[in-house]
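Participant: Quick one: the structure is below, and I'll ask about it shortly.
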Amino acid sequence: MELESILLPGVDAKRPLLIAGPCSAETEEQVMETARQLAARGVKIFRAGVWKPRTKPGGFEGNGVKALPWLKRVKEELGMYTAVEVATAAHVREALAYDVDILWVGARTSANPFAVQEVADALEGMDIPVLIKNPVNPDLDLWIGAIQRIYNAGIRRIGAIHRGFSSYDKKIYRNLPQWHIPMELKRQIPNLPIICDPSHIGGKRELISPLCQQAMDLNFDGLIVEAHCNPEKAWSDAAQQVTPEVLDFIMNTLVIRDTNQTTENLSALRSQIDELDNSLLELLARRMRVSREIGQYKKEHDMPILQTQRYDEIIHKRVEQAKQMGMDGEFMKTVLIAIHEESVRHQQEIMNL
Ligand code: PEP
Ligand code: MN
């Protein structure tokens, strides 16, 4: 993709690019007060949700067009850039009518190609930065598809926002980070800026600081953080918003590591990793060959492929072993399940020969 590298003129190119503001534009006073406090701390880009996609009806669904003049005031009186979420062609037209500077496509919208296409069609011929959040489900192709639809509309200032992925059982995070997915996105589209949204990943304010640090360590280009002048009283996402003062503190404690220097010093260790990966691949290939032999035996003796007891035993034993070796049990389980799936695929091939 031929993307422009500067999303906005006048915003410092050094990491992290910071976008901050409330989940929702609630009242003119709340918008102005939050923006004033953020501007005073050097924040240049103000976010606020105007149309809020809510999981269930009855929640605060945003003020809609009524809130757009408030954002215009933020721009005119405080000199900040403004960013809003758009989900329909009408949203795009209305946001542009009020000179909004950045549009973003929300997670529920990017999961729906019809909706993304509608937004893309409304953007045809425009020159405005557009940020695309990952879809709620962990589907990298769907995310890339949304990015391509916006790109095909002629938009060249594009960024991605990683806001985590929905999961049924929520433990620590509101939305699981699954960092490998944005990492793979960066590998496939290297010149695409990626911004982390720690507020929606964490779902609680205590997690914002560690998530920001993690994003910086993984070389993300920017952060979009929900900040509110009175977070506890926020009309949406109250648990995950911080005051501009706390945000400033978090930003000041972030350690931004110098990427060039580490890359050089790491080369020896990296070649060790390459070698180890090679050995892992060879071992896996050997394991698959043995598994095919077992498949042959099962075929000759009319045995089913899946032997649940044996499978349980393997998972259980190896997970315990892994823990003793200092690895996470859940991690090992994921690896074993993946290996087992591939093994079954090989045996199925043998069975059907
Ligand atoms: C938001 O940014 O307030 C929002 C609704 O986020 P998401 O689309 O990531 O859920
Ligand atoms: Mn929110």
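The values are calculated or read from the model by the stated rules, or taken from the named source; none is laboratory data. From a predicted model like this one, the values you see are computed outputs, not experimental measurements. Note that we place each Cβ from the backbone using ideal geometry, even for glycine, and neighbour counts take in every protein chain shown. Surface areas here come from the heavy atoms of the whole protein model, side chains and all, with no ligands, DNA or RNA. Shrake-Rupley method; radii C 1.70, N 1.55, O 1.52, S 1.80 Å.
Participant: Can you pull a Stokes-Einstein diffusion coefficient for the stretch 8-163 at 25 °C (0.890 mPa s), Rh from Kirkwood over Cα pairs, as a whole number of µm²/s?
Facilitator: D, rounded to a whole number, is 156 µm²/s.
Participant: Leaving out ligands, DNA and RNA but keeping every protein chain, what accessible area does His340 have, in Å² rounded to the nearest 10, with a 1.4 Å probe?
Facilitator: Per-residue accessible area (His340): approximately 50 Å².
Participant: Moving to a separate point now. Which values, in whole Å and largest first, are the semi-axes of the equivalent ellipsoid of the stretch 1-60 obtained as the square root of 5 times each eigenvalue of the Cα gyration tensor?
Facilitator: Ellipsoid half-lengths, sorted descending, are 27, 18, 8 Å.
Participant: I've got another one for you. Amide H of His228: which non-local residues (sequence gap of 5 or more, or other chain) have their own amide H closer than 5 Å, using H built in the peptide plane?
Facilitator: Placed amide hydrogens put Val242, Thr243 under 5 Å from His228.
Participant: Let me ask something additional. Picking from Lys204, Lys56, Lys66, which is most flexible by a Gaussian network model of the chain using Cα springs under 10 Å?
Facilitator: Lys56
Participant: Nearest 500 deg cm²/dmol is fine: what mean residue ellipticity at 222 nm does the chain get from its DSSP H runs of n ≥ 4 alone, each adding -39,500 (n - 2.57), divided by its residue count?
Facilitator: Calculated mean residue ellipticity at 222 nm is -15500 deg cm²/dmol.
Participant: Once phi is turned into ³J(HN,Hα) by the Karplus curve 6.51 cos²θ - 1.76 cosθ + 1.60 with θ = phi - 60°, what whole-Hz value does each residue of the stretch 333-340 show in order, with x for glycine and proline?
Facilitator: 4, 4, 4, 5, 4, 5, 5, 4
Participant: Which of these, Ala13, Ala146, Ala227, has the largest mean-square fluctuation under a Gaussian network model of the chain (Cα springs below 10 Å)?
Facilitator: The residue that fluctuates most here is Ala13.
Participant: Stretch Phe60-Asp127 to full length: gain in nm at 0.36 nm per residue minus the Cα-Cα span?
Facilitator: Taking Phe60 through Asp127 to full extension adds about 21.0 nm, to one decimal.
Participant: Next up: Which shape class applies to the stretch 96-222: rounded if a/c is under 1.5, otherwise prolate when a/b exceeds b/c and oblate if not, where a ≥ b ≥ c are the square roots of the Cα gyration tensor eigenvalues?
Facilitator: Because a/c hits 1.5 or more and a/b exceeds b/c, the stretch 96-222 counts as prolate.
Participant: Let me spell out the model: positive unit charges on the Cβ of Lys and Arg, negative unit charges on the Cβ of Asp and Glu, origin at the Cα centre of the chain. What dipole size does that give, in debye rounded to 20?
Facilitator: 480
Participant: Please report, for the Cα atoms of the stretch 146-298, the Rg to one decimal and the Dmax as a whole number; what are they, in angstrom?
Facilitator: Cα radius of gyration and Dmax of the stretch 146-298 are 20.8, 68 Å respectively.
Participant: Report the Cα-based extents of the stretch 266-351 along its three principal axes, largest first, to the nearest Å.
Facilitator: The Cα atoms of the stretch 266-351 stretch 52, 24, 14 Å along the principal axes, largest first.
Participant: Residues of the chain: accessible area per residue at 1.4 Å, in Å²?
Facilitator: The answer is 53 Å² per residue.
Participant: Right, here's the next one. For the chain, modelled as a Gaussian network with Cα springs under 10 Å, which listed residue fluctuates most, Leu142, Leu218, Leu283?
Facilitator: Leu283
Participant: Okay, moving on. Hey, any idea what % of the chain's accessible area is carbon plus sulfur with a 1.4 Å probe?
Facilitator: Ligands and nucleic acids excluded, carbon and sulfur reach 53 percent.
Participant: Same structure, new question: What are the equivalent ellipsoid semi-axes of the chain, built from the alpha-carbon gyration tensor (square roots of five times its eigenvalues), in whole angstrom, biggest first?
Facilitator: 44, 23, 21
Participant: Now, a different point. Among Asn112, Gly145, Ser236, whose Cα sits farthest toward the positive end of the charge dipole of the chain (+1 at Cβ of Lys/Arg, -1 at Cβ of Asp/Glu, about the Cα centre)?
Facilitator: Ser236
Participant: Related question: Taking H placed 1.01 Å from N in the peptide plane, check which residues at least 5 places from Asp99 or on another chain put their amide H under 5 Å from its amide H.
Facilitator: Those qualifying (amide H under 5 Å, at least 5 residues apart or on another chain) number zero.
Participant: Still on this model: For the stretch 93-106, in order, what is each residue's ³J(HN,Hα) by Karplus, 6.51 cos²θ - 1.76 cosθ + 1.60 with θ = phi - 60°, in whole Hz (x at glycine and Pro)?
Facilitator: Karplus-based 3J(HN,Hα) across the stretch 93-106 equals 4, 5, 4, 5, 5, 9, 6, 4, 8, 9, 10, 10, 9, x Hz.
Participant: Tell me which residues come under 5 Å, amide H to amide H, from Gly159 once H is placed; ignore anything under 5 positions away on its chain.
Facilitator: Answer set, sorted by chain and number: Val130, Leu131, Ile132.
Participant: Another question, then. How large is ³J(HN,Hα) for each residue in the stretch 296-310, as worked out from phi by the Karplus curve 6.51 cos²θ - 1.76 cosθ + 1.60 (θ = phi - 60°), to whole Hz, x for Gly and Pro?
Facilitator: 4, 4, 4, 5, 5, 9, 6, 9, x, 5, 8, 10, 3, 4, 4
Participant: Now for a different question. Could you work out the relative contact order of the stretch 266-351, using alpha carbon pairs under 8 angstrom and six or more residues apart, expressed as a whole percent?
Facilitator: Computed value for the stretch 266-351: 42 percent relative contact order.
Participant: Same structure again: At a probe size of 1.4 Å, how large is the accessible area of Phe46, to the nearest 10 Å²?
Facilitator: Solvent-accessible area, nearest 10 Å²: 0 Å².
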